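Okay, so here's the structure we're looking at.
Values quoted throughout were computed directly from the atomic coordinates according to the rules given, and no laboratory measurement underlies them. Note that the coordinates shown come from a computational prediction; the quantities given were computed from them, not determined experimentally. Note: ideal-geometry Cβ built from the backbone for every residue, glycine included; neighbour counts use all protein chains shown.
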Amino acid sequence: MPALRAGIHAFGAAAQAWMAGSSPAMTSSASGAVRAIERDLAIRTYDIDFAGIVSNIVYVRWLEDLRLAMMEEAYPIAQALAEDVAPILLETRIAYERPVTIHDALKGRMWATAMGRIKWHLAAEFRVGGAVHARAEQVGLFIRLSTRRPIAPPMALRERFAPKAPA
């Protein structure tokens, strides 16, 4: 758990505000405003494992749903593909803190913690009520499909989701 706490600390004040129960889509931090997306996540019977809780692998699918929702708001996947661009996922880390059952009303939230020259870093949380049930971090990049070479995160995503410097 200390490694997770250190990782969460690295997300910055915006993530910590969300973890403390802040729910606005825009969260301010020492590093500026962070734009997050939030979605209700349906729990299906096939998501449940033999112990009656959501299987760990389901969170990977939900992370994909959240990431695609972020793209849909700023740079839809159909547009990306038409422009010869594709997102690539490099890393996923998930910390499961509490079980989720089929009876829970689950919300997922995702935001960018950094957008570098090539990579983008994302953070996510899964909550039931005010309680965090899982936290995740992902690192990805974008490639030019025709060359398979990395490119900068698309400007539309940067403008919409990149953490802003304080004014």
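Here are a few things to note about the model shown:
- Sparse packing (at most 15 other Cβ atoms within 10 Å of the Cβ) combined with a DSSP loop state is found for the following GluC sites (Glu not before Pro) in the stretch 55-86: Glu83.
- Taking 0.36 nm per residue of separation and subtracting the Cα-Cα distance, full extension of the segment from Leu81 to Arg61 would add 5.1 nm.
- DSSP-assigned coil residues among trypsin sites (Lys or Arg not before Pro) in the stretch 40-140, each with at most 10 further Cβ atoms within 10 Å: Arg44, Arg117
- Each principal axis of the Cα cloud of the stretch 74-167 was taken in turn, and the coordinate range along them, longest first, works out to 45, 36, 21 Å.
- Cα Rg, Dmax, the stretch 40-97, angstrom units: 14.4, 45
- When you filter the chymotrypsin sites (Phe, Trp or Tyr not before Pro) in the stretch 33-97 for DSSP loop state and at most 12 other Cβ atoms inside 10 Å of their Cβ, you are left with Phe50.
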